[in-house]
Amino acid sequence: MNKSNSSEEKELPLYKETEVRVPIHLKITLTIREAAEYSNIGINKIDSMLKQPNCPFVLYVGTRKLVKRKEFEEYIRRELII
């Protein structure tokens, strides 16, 4: 039996990838959950708003819906009733 030479077979240290978290107020787009947390509007309400024709703050990435943060903020400032 041939044992491996330990100097040839060194294990690389395992590094845990650091997750970069961008604050919500700095993001360009938000998930529906983030938009709900940011605005204190319910997830279902935001989802129904995104389904409206010509919604000014929806961005489709494939079938995934994202919220354009600045347009969403402007919309909320402008509207009296949602």
Overall form of region 22-76 per C-alpha gyration tensor (a/c, 1.5; a/b vs b/c): rounded
If amide H atoms are built 1.01 Å from N in the plane of the peptide, which residues on other chains or at least 5 residues away come under 5 Å of the amide H of residue 29? 69
In which sequence would 67, 58 go, from the one with the fewest C-beta neighbours within 10 Å to the one with the most? 58, 67
Of the peptides 68-74, 37-43, how do they stack up when ordered by the mean number of other Cβ atoms within 10 Å, highest first? 68-74, 37-43
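Only the coordinates and a few stated rules stand behind these numbers; no lab work does. Predicted model only: the values in this text are computed from it and were never measured. Because the Cβ atoms are built from the backbone with ideal geometry, glycine has one as well, and the counts that use them run over all protein chains shown.
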